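The values are calculated or read from the model by the stated rules, or taken from the named source; none is laboratory data. The structure presented is a predicted model; accordingly, all values stated were derived computationally and were not measured. All Cβ positions, glycine included, derive from the backbone under ideal geometry; neighbour counts span all protein chains shown. What goes into the accessible areas is simple: the full protein's heavy atoms, side chains included, and nothing from ligands, DNA or RNA. Shrake-Rupley method; radii C 1.70, N 1.55, O 1.52, S 1.80 Å.
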Amino acid sequence: GKSGYDHFMLKEINEQPTALRQCLSGRVDEVSGGVTVDELDDLDTPSAVQFVACGTSYHAALYATTLLHEVGIPANAYLASEYATTHPPLPNDTLVVGITQSGETADTLSALRNAESRGAETLALTNVVGSSAARECDHALYLRAGPEIGVAATKTFSSQLVGVNLLVERLRPSGSPTGELRSLIAGLRDLPGHVQQVLDDSTALELVDELFGAEAFFFIGRGLHYPVALEGALKFKEITYEHAEGFAAGELKHGPLALVTENTPVFAIVTGDDEEARKTLGNIKEVEARDAPVVAVTDGKAEVERYADYVLEIPETHERTSPVLANVQLQLVAYHMAARLGRSIDKPRNLAKSVTVE
Ligand code: M6R
């Protein structure tokens, strides 16, 4: 049942701290600073990784490529439906990873089969033990998020981002600085508690009243926050039926800025106070100058408050875990807007939980 929640989606949003604890359980060791994933014991570091996935899982794949680049492994993310159509070349020793919550998405299975038939080693990052993807791939890494009933992926996306961290640390070529790994492990250890803090303190509900009736909703982010901008927009359009789009912050001025008016709220994700954050701040000024309402999703370090009309706060944490927290805020915004519009939140029109046709 829904355990007293109005919708499975809200229940599953609130289950995230538990889901993340389960995902991490026994897999990170704070003392040794190590990551172990029992089911991946026989996996070697490949020379390159290709991800195939759809929808929300594709956003996790985009995030994953940036992490692999950080540890020096070339990686690409492909929409599964396109991969099976364009079959990119598979250099020797490439690992092909299908990210699929259900493990039953036809496009993803077809891309994995295509890679397998060309001799690649394959891995499924999935929530469902015994799913087709888990059975067909050479390796499987399980999310342990528990069943997700709502069509909108919520807790499984957060778990995918954590799962991807485990995978990348497992693949990290040896000899990398351990200090770096220790601070990541601390960020992962604190993540369930930080998510709980966001759930307890979020002002997303009040915000929805302010933004109700807007013409379109835009989401921008840079680096690891770019996939979250795409995911924020996907979740929003999926359950509110309102027009929403996500953009890389730096791409705004290459076209999308023409859409920005006082009737198009822009959600901007910006954390830390480095060069990357300063650049996003510049993009925020560009939309603010067009009178768009700006909602900053931020840890407060970038001093974005001066240019933002509204702030959704997240705790300060490791740069790899802050996208998870920003995304929880955007889940709540989408949920409350959809509830306010009286939408069929758990079963949005025209959509299915798992898409078993290509
Ligand atoms: O089960 P999968 O992860 O393979 O599903 C992929 C997409 O169909 C799925 O993420 C879809 O985009 C969600 N409904 C988005 O909330």
Task: Residues whose placed amide H lies under 5 Å from that of HIS139, excluding near-sequence neighbours - done: THR122, LEU123, ALA124
TODO: Could you check which residue among SER322, SER131, SER174 shows the biggest mean-square fluctuation in a GNM of the chain with a 10 Å Cα cutoff?
DONE: SER174
Open item on the list: On the Cα set of the stretch 27-117, report Rg and Dmax in Å, please.
Closed with: 13.9, 46
Open item on the list: Run lengths n ≥ 4 of DSSP H only: what is the helix-derived mean residue ellipticity at 222 nm for the chain, with -39500 (n - 2.57) per run over all residues, to the nearest 500?
Closed with: -13500 deg cm²/dmol
- [ ] Provide the per-residue ³J(HN,Hα) series for the stretch 252-260, in order, calculated from phi with Karplus coefficients 6.51, -1.76, 1.60 and θ = phi - 60°, each as a whole number of Hz, with x at glycine and proline positions.
- [x] 3, 6, 9, x, x, 4, 5, 8, 7
Open item on the list: Largest first, please: the extent of the C-alpha atoms of the chain along each principal axis, to the nearest Å.
Closed with: 53, 45, 43
Open item on the list: Using Cα springs under 10 Å in a Gaussian network model of the chain, which residue among GLU313, GLU15, GLU251 shows the largest mean-square fluctuation?
Closed with: GLU251
Task: Length added when fully stretched, SER183-ASP274, from 0.36 nm per residue minus Cα-Cα - done: 31.0 nm
- [ ] Would you calculate the separation in nanometres between label points at ASP38 and LYS2, each defined as 7 Å from the Cα along the Cα-to-beta-carbon direction?
- [x] 3.6
TODO: Would you grab the residues whose amide H sits under 5 Å from the one on ALA77? Only those 5+ places off in sequence or on another chain, please, with H modelled 1.01 Å from N.
DONE: PHE51
Open item on the list: Once R0 is set to 30 Å, what does the formula 1/(1 + (r/R0)^6) return for the Cβ-Cβ distance between VAL71 and GLU136, expressed as a FRET efficiency to the nearest 0.05?
Closed with: 0.65
Task: Interchain or long-range residues, amide H under 5 Å from VAL297's placed H - done: ALA268, ILE269, VAL270, LEU312
Open item on the list: Sorted from largest to smallest, which semi-axis lengths in Å does the alpha carbon gyration tensor of the stretch 98-174 give for its equivalent ellipsoid, taking the root of 5 times each eigenvalue?
Closed with: 20, 17, 9
TODO: Roll a 1.4 angstrom probe over the protein heavy atoms and tell me the percent of accessible area of the chain that is carbon or sulfur.
DONE: 47
Task: Karplus-derived 3J(HN,Hα), 6.51/-1.76/1.60, for each residue of the stretch 336-346, Hz, glycine and proline x - done: 5, 5, 5, 5, 4, 8, x, 6, 7, 4, 6
Task: Cross-link pairs LYS301/LYS353; LYS301/LYS347; LYS279/LYS353; LYS155/LYS237 - those with Cα-Cα distance over 28 Å - done: LYS301/LYS353; LYS301/LYS347; LYS279/LYS353
Task: Segment ASP309-ASP209, extension gain: residue separation times 0.36 nm, minus the distance between their alpha carbons - done: 34.6 nm
Task: Cβ-Cβ FRET estimate between THR45 and LEU259, R0 fixed at 51 Å, reported to 0.05 - done: 0.75
Task: Heavy-atom accessible area order for LYS347, LYS285, largest first, 1.4 Å probe - done: LYS347, LYS285
Task: Distance in nm between pseudo-label sites at ARG21 and LEU351 (7 Å out along the Cβ direction from Cα) - done: 2.9
TODO: Give me the compactness ratio for the stretch 211-358, meaning the Cα radius of gyration over 2.2 N^0.38 Å.
DONE: 1.02
Open item on the list: If you average 1/r across every pair of different Cα atoms in the stretch 207-261 and take the reciprocal, what Kirkwood value do you get, in Å?
Closed with: 11.6
- [ ] Calculate one ³J(HN,Hα) per residue across the stretch 263-270 by plugging θ = phi - 60° into the Karplus curve 6.51 cos²θ - 1.76 cosθ + 1.60, and present them in order as whole Hz with x for glycine and proline.
- [x] 9, 10, x, 10, 8, 10, 9, 8
